[in-house]
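Student: Got a structure for you, written out below as structure tokens; questions coming shortly.
The values are calculated or read from the model by the stated rules, or taken from the named source; none is laboratory data. Note that the coordinates shown come from a computational prediction; the quantities given were computed from them, not determined experimentally. Quick reminder, even Gly has a Cβ in these numbers, built from the backbone with ideal geometry, and neighbours come from all protein chains shown.
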Amino acid sequence: MSSQAGSPLVRMSSVSKFFGSQRVLDHLDWQIRPGQVIGLLGRNGAGKSTLLECMLGLREPDGGKVTLFDEDVRTLSDARRGNIGYVPQASELFDWLTPTQMLDYFKAMYPRWNAAKVDGLLSRWGFNDTLRNKAINKLSGGEQQRLSIIRALAHDPALLVLDEPVSSLDPLGRRDFLRELVGDVIERGTTVVFSTHILSDLERVAFDIAFLKDGRIALQGGIDALLEGERGAGVRAAPMSLEDLYMDVMGDESRDLAHGVAP
Amino acid sequence: MIAARDDAWGDAWDEYGRIWRVAMVRPKRRREIVAAAFIVLAFGGGAVVTALQHRWEWSARLLGAVVLFWLLFSWVFFMGRSLQMNSPANARLMPRQRRRLVQMALGGWLALSLGFTAMFWTWRMFPPVALYALVLGTFAASKRVADAVFRLLVLGALCTAAPLLASFPLPDALAALLASPPAVLAAGAAVLLLGARHIAAIYPDGGDRHADARARMQALLGSGHARHAAAKGKGWLSGAFYLAALKRDCRAPRPGTMLMHALGPQGHWTAWIAGVAGLTALYLATRLAAYAAHRLFGMQFGQGFLVGASTVALASMVLLAAFCNVQLGRQLRSTRGEQALLRLTPLAGAAALFNRRLAAALLKTGLVNWMMASAALLLLALLFHANGKVLVCLAALCCAAGQVAMARLLGDFSRESRPGLLESCIFLVLILAAEVLVAWAMARMGGWRLFWPGFGVLGLAGSVALAVRGWKTMLAAPSSFPAGRIG
Amino acid sequence: MTNHSASLFSIVTGSAEPIYRQLVEQVRRLVAAGQLAPGDEMPSVRDIAQALALNPMTVSKAYSLLEMEGVLARRRGLGMIVAAANVPGQPAERAELLRPALERAAREARQLELDPDTVLTLFATILKEAK
């Protein structure tokens with residue numbers, strides 16, 4: 001089944017980013033097609049957050065180019081900006097405001113805002129009146145993360161970028177989030193990029209995955225094909241679970257050789 | 001291997017040494033080394049000089065001062081660390097450590113108090129010195145110990161310091177009574193007892209209360225995140241104004257004003273309502289207290305005192321006008337997450353437009369801050385002095401302060417390291433000196449009445465020039481949000 | 001003509017078998033066992049995706065595969081139904097469904113270096129026990 005056709009929504013060409021002498025991104029090439037639901041995997045500190053920030057133009061790369069919606073991300077038009085939803089890793093932002101105040105504030109910043117959806121999500125995800133009027137810095141980590149997700153979904157974005165969006169949620173919270181993602185976001189053909197360590201979530205919801213290793217996208221493809229052993233360039237490996245695949249890709253080179261995978 | 005009983009002392013010193021070494025681990029910082037070198041050179045040099053002059057007493061005192069300062073800094077640092085080491089779990093699982101920590105804290109406090117008393121060479125100084133040392137140590141350690149005894153101690157410290165602060169002379173009889181040996185003995189005993197109890201109290205030994213207090217203390221001692229949270233808190237007075245402004249802005253959103261909300265309530269212009277109100281209240285309260293003391297107790301304050309105190313108060317308000325925009329810079333550095341979100345909103349606009357909008361909003365906030373501080377200052381001066389000359393002088397000082405306020409308000413915020421603080425200070429000092437010279441020259445030629453107005457006008461011109469320079473830099477720079485991401 | 005709900009299916013994450021394959025296998029087994037009779041309506045892609053929190057494209061892929069095999073048929077505008085050509089119960093076909101499990105057992109037997117007779121005797125014993 002062919003993935004969505006069309007010119008890439010996100011195109012990163014030869015993007016490099018240095019922090020001091022450390023090379024976090026090293027001539028990275030990555031393309032995401034419209035409607036793709038892609039999971040980004042990588043070790044802690046490998047630069048997933050940096051990659052997503054460079055993708056959105058929040059950081060200037062030291063080399064290379066990033067285009068979103070066929071526009072250079074540095075000169076993104078206002079209309080395109082209104083089409084992006086971002087859930088950063090830090091969920092305690094604007095924490096001196098209450099959820100209601102924070103959402104009102106963002107509503108004023110976006111031309112298109114789905115108030116009904118926001119209200120529905122708040123109710124379904126446990127935000128009763130008391131919670132809606134409690135300062136965000138007094139909410140628990142899970143509540144803050146859920147609020148962060150609601151804020152990103154509120155303006156019906158065409159591109160949704162999530163950086164470890166469910167790290168503080170319990171299994172029920174994660175299942176609710178996944179259902180929302182499936183039922184609303186993916187149904188509408190939104191492009192979703194999310195980085196997470198929770199592999200079971202990725203297996204359910206992502207159709208493609210990409211592995212970030214040594215500053216590059218080491219492996220990318222349909223999750224089903226990769227699980228069944230495809231490694232691209234005609235290389236095949238034994239079928240394995242996603243966890244084993246992760247170990248395989250992220251592990252050291254001697255392990256790669258033992259499994260018959262080109263390092 | 002159980003050590004022999006008679007080696008208990010040796011064990012104790014071993015344990016003290018171990019705990020000390022663990023507590024004092026910290027990275028070498030240049031500032032610390034420089035300060036230490038400065039103290040050693042200053043006091044040590046003084047000791048050498050006085051020794052050469054055969055003034056052995058002074059020499060000994062100065063050398064003693066070097067040792068005492070080292071002891072003071074170490075003990076204060078130790079207090080902070082030791083409180084952290086005494087976590088609820090450690091207190092229950094390692095009761096020996098807690099005992100040693102209390103002993104070391106007490107020992108250090110006594111050594112310091114006795115040492116400084118020896119410096120003054122009079123027993124009368126023991127109670128206040130011990131008190132100040134204890135208060136200093138506790139503040140450095142935890143910044144807010146909700147202990148009744150501690151509050152008493154702080155009150156005591158303030159009372160003893162009040163005569164110095166307010167510089168009004170106590171009635172002679174009272175002063176003699178306070179300095180007599182029985183009184184000193186009683187005060188010393190009281191301080192020792194209360195201090196010992198206080199030190200034992202700030203090292204709790206586990207349990208629910210300890211755990212709760214620990215959570216509160218962690219928030220204050222501050223992991224970076226907690227410090228961030230504190231920096232973004234709403235002021236007690238201006239919080240309501242901030243929320244009202246937020247509501248109004250949400251109804252009629254303008255890009256610049258909406259962007260400023262990312263900096264939190266303390267970076268908003270409403271923050272100054274609380275600041276100015278508080279300071280005005282304090283100023284009025286001191287004047288009221290002086291008036292009441294005069295009327296009720298017949299205390300005489302020389303006219304000189306009143307004028308002096310008021311001048312000091314007003315001068316500090318001029319400093320407030322000068323540094324009114326410092327918080328803006330701090331907020332910019334600590335709200336990077338919020339800034340990232342805003343950079344992605346359509347209302348914020350494209351990169352080129354973004355900086356212009358932000359610069360306009362920052363300028364507006366900065367000007368409001370400065371104007372409010374200056375207005376409050378002039379209003380108070382008007383109410384209490386009504387002297388035209390003083391008013392002109394103060395107005396000129398405010399204009400000069402405006403330059404400090406505008407100096408680092410605008411600029412390239414996208415870079416991590418902004419142009420050096422030291423360089424800015426030197427630059428400002430030079431500018432101010434130059435303006436003083438020019439105004440003086442003008443006054444010499446045209447009459448002394450021209451000095452302050454001239455200085456004021458030059459200050460205004462300088463403020464405008466600095467603002468324009470900052471504006472140009474900012475507009476030519478990459479997008480300011482998120483701040484500090486480059487370099 | 002029963003309507004089946006999405007609760008018919010379950011998937012397991014963390015296995016070496018991709019989710020679409022798990023769905024395909026489940027449908028095959030249910031059809032072979034007769035629980036899904038020809039003409040029964042299958043739950044829509046959307047329903048399954050919502051119930052199991054899966055990407056609709058995965059479910060779609062499974063359905064398309066089953067349609068190609070002839071297990072399911074697409075009715076215009078009305079979703080998927082179980083194809084008429086499926087007759088439950090051909091032992092040979094049902095036996096084919098057991099192949100993956102047997103292949104796994106065979107792999108393990110080879111690793112343990114057991115000969116086929118021992119393995120077959122063991123299997124016969126187990127089958128008798130299972131009754």
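Student: Grab the helices (runs of 4 or more DSSP H) fully contained in region A:1-118, keeping just those with 3 or more residues being in contact with a strand residue (DSSP E or B) (Cβ under 7 Å, 6 or more places away or on another chain).
Tutor: On the way: elements: A:48-55, A:78-81, A:99-109.
Per the criteria, A:48-55.
Student: Quickly run through region A:220-248 and pick out the residues that are of a type in the set (A, V, I, L, M, F, W, C), surrounded by fewer than 19 Cβ atoms within 10 Å (Cβ to Cβ) and facing chain C (nearest Cβ under 9 Å).
Tutor: Pass one, region A:220-248, residues of a type in the set (A, V, I, L, M, F, W, C): A:223, A:225-227, A:233, A:235, A:237-238, A:240, A:242, A:245, A:247.
Restricting the remaining residues to those that are surrounded by fewer than 19 Cβ atoms within 10 Å (Cβ to Cβ) gives A:225, A:233, A:235, A:237-238, A:240, A:247.
Listed by number, the residues that qualify are A:Ala225, A:Ala238, A:Met240.
Student: Which residues, taken from region A:220-250, are within 21 Å of A:Arg33 (Cβ to Cβ) and assigned to a helix (DSSP H, G or I)? Walk me through it before giving the result.
Tutor: Our first condition is that a residue be within 21 Å of A:Arg33 (Cβ to Cβ); within region A:220-250, this holds for A:220-227, A:230-233.
Once the filter is applied, which keeps residues that are within 21 Å of A:Arg33 (Cβ to Cβ) and assigned to a helix (DSSP H, G or I), region A:220-250 yields A:Ile223, A:Asp224, A:Ala225, A:Leu226, A:Leu227.
Student: Something else about it: Tally up the residues in region B:396-426 that are modelled with pLDDT of 85 or more, among the hydrophobic types (A, V, I, L, M, F, W, C) and outside any loop (DSSP other than H, G, I, E, B), please.
Tutor: Result for region B:396-426: 10.
Student: Within region A:200-219, how many residues are crowded, with 19+ Cβ neighbours inside 10 Å and either touching a Ser or Thr at 6+ places or on another chain (Cβ under 8 Å) or not in a strand (DSSP E or B) (or both)?
Tutor: 9
Student: Turning to a different aspect of this structure: A:Tyr110 is checked against (1) touching a helix residue (DSSP H, G or I) at 6+ places or on another chain (Cβ under 9 Å); (2) within 14 Å of chain B (Cβ to nearest Cβ); (3) more than 24 Å from A:Val166 (Cβ to Cβ) and fails just one. What number does that condition carry?
Tutor: Condition (3) is where A:Tyr110 drops out.
Student: Right, another one. Which condition breaks for C:Ile48 when tested against (1) within 14 Å of another protein chain (Cβ to nearest Cβ); (2) in contact with a Ser or Thr (Cβ under 8 Å, 6 or more places away or on another chain)?
Tutor: Checking C:Ile48 against (1) within 14 Å of another protein chain (Cβ to nearest Cβ); (2) in contact with a Ser or Thr (Cβ under 8 Å, 6 or more places away or on another chain), the one that fails is (2).
Student: Here's a follow-up. Search region A:26-38 for residues that are more than 14 Å from chain C (Cβ to nearest Cβ) and pair each with any residue that is modelled with pLDDT under 95 and in a loop (DSSP other than H, G, I, E, B) when their beta-carbon atoms are under 7 Å apart and the residues are at least 6 apart or on different chains.
Tutor: A:Asp26/A:Asp214; A:Asp26/A:Gly215; A:Leu28/A:Gly215; A:Gln31/A:Pro8; A:Ile32/A:Pro8; A:Ile32/A:Leu9
Student: What residue, of A:Ala46, A:Ala90, is more than 11 Å from every other protein chain (Cβ to nearest Cβ) and either within 17 Å of the chain's Cα centre (by Cα) or buried (at least 23 other Cβ atoms within 10 Å of the Cβ) (or both)?
Tutor: A:Ala46
Student: For region B:243-277, give me each residue that is without any contact (Cβ under 8 Å) to a residue 12 or more places away in the chain, facing chain A (nearest Cβ under 9 Å) and not in a helix (DSSP H, G or I).
Tutor: Scanning region B:243-277 gives a single hit, B:Ala252.
Student: Looking at region A:144-168 only, could you name the residues that are more than 13 Å from the chain's Cα centre (by Cα) and more than 17 Å from A:Leu56 (Cβ to Cβ)?
Tutor: A:Gln144, A:Gln145, A:Arg146, A:Leu147, A:Ile150, A:Ala154, A:Asp156, A:Ser168, listed by residue number.
Student: While we're on this one: For region B:406-414, state whether one or more residues are buried (at least 22 other Cβ atoms within 10 Å of the Cβ) and more than 30 Å from B:Ser334 (Cα to Cα).
Tutor: There is no residue in region B:406-414 that is buried (at least 22 other Cβ atoms within 10 Å of the Cβ) and more than 30 Å from B:Ser334 (Cα to Cα).
Student: Mind listing whichever residues of region A:152-174 are of a type in the set (Lys, Arg) and either crowded, with 24+ Cβ neighbours inside 10 Å or touching a Lys or Arg at 6+ places or on another chain (Cβ under 9 Å) (or both)? Steps first, please.
Tutor: The first filter runs over region A:152-174 and keeps only residues of a type in the set (Lys, Arg), leaving A:174.
If the condition is that a residue be of a type in the set (Lys, Arg) and either crowded, with 24+ Cβ neighbours inside 10 Å or touching a Lys or Arg at 6+ places or on another chain (Cβ under 9 Å) (or both), then no residue fits.
Student: Would you say B:Leu320 is touching a residue at least 60 places away in the same chain (Cβ under 8 Å), more than 14 Å from chain A (Cβ to nearest Cβ) and within 26 Å of the chain's Cα centre (by Cα)?
Tutor: On the way: touching a residue at least 60 places away in the same chain (Cβ under 8 Å): no; more than 14 Å from chain A (Cβ to nearest Cβ): yes; within 26 Å of the chain's Cα centre (by Cα): yes.
Against the criterion (touching a residue at least 60 places away in the same chain (Cβ under 8 Å), more than 14 Å from chain A (Cβ to nearest Cβ) and within 26 Å of the chain's Cα centre (by Cα)), B:Leu320 does not qualify.
Student: Of all the residues that make up region C:1-32, how many are touching a residue at least 12 places away in the same chain (Cβ under 8 Å), within 14 Å of chain A (Cβ to nearest Cβ) and under 8 Å from the mean Cα position of the chain (by Cα)?
Tutor: Here the count works out to 3.
Student: Would you please name the residue that is surrounded by the fewest Cβ atoms within 10 Å (Cβ to Cβ), looking only at residues in region C:36-80 that are of a type in the set (Gly, Ala, Ser) and free of Cβ contacts under 8 Å to residues at least 24 places away in the same chain? Full working, then the answer.
Tutor: Keep residues of region C:36-80 that are of a type in the set (Gly, Ala, Ser), which gives C:37, C:39, C:44, C:49, C:51, C:53, C:60, C:62, C:64, C:70, C:73, C:77, C:79.
Adding the requirement that they be free of Cβ contacts under 8 Å to residues at least 24 places away in the same chain leaves C:49, C:53, C:60, C:64, C:70, C:73, C:77.
Numbers: C:Ala49: 25, C:Ala53: 21, C:Ser60: 16, C:Ser64: 16, C:Gly70: 11, C:Ala73: 17, C:Gly77: 5.
This residue is C:Gly77.
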